[in-house]
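These notes are about the structure you will find just below.
Taken together, the values in this text are just the output of simple stated rules run on the coordinates, not laboratory data. Source: prediction; values computed, not measured. A quick note on method: Cβ atoms are made from the backbone with ideal geometry, for glycine too, and the neighbour counts reach across all protein chains shown.
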Amino acid sequence: MIISLANKIAKDIWESDESKTLPKALWIRAKALLTIMHSTQTLDDLIILGQPPNIRLHKLKGDRKKYWSVTIKLPWCITFKFKDGEFSEVKIENYHRG
């Protein structure tokens, strides 16, 4: 279950299915991934239920080592913390951008 959204892009997609920042072609996939996350309690379920394919679930490194990421479509990702069946600090971002 998603317990907190941490940026405007994620909030906009979750609440209104659109965003001024995220490319329009990615809105449906982003909402689908958020919906799957909200109805999931384990990371394994996210992988199994994560059909849109190629979500590339992985743990981040360095100063973001407490976070996970799934790919919407590169370079756009959903990043989050996961603990006890809850997704927190959920963001839609291009964290590859320097």
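Of the residues examined, GLY85 is one that is at positive phi, touching a residue at least 12 places away in the same chain (Cβ under 8 Å) and among the small types (Gly, Ala, Ser).
Applying a threshold of 9 Å to beta carbon distances and a minimum spacing of six or more residues, or different chains, the list of pairs starting in the range 4-18 at a residue that is touching a residue at least 24 places away in the same chain (Cβ under 8 Å) and at positive phi and ending at one that is part of a helix (DSSP H, G or I) and loosely packed, with under 12 Cβ neighbours inside 10 Å is empty.
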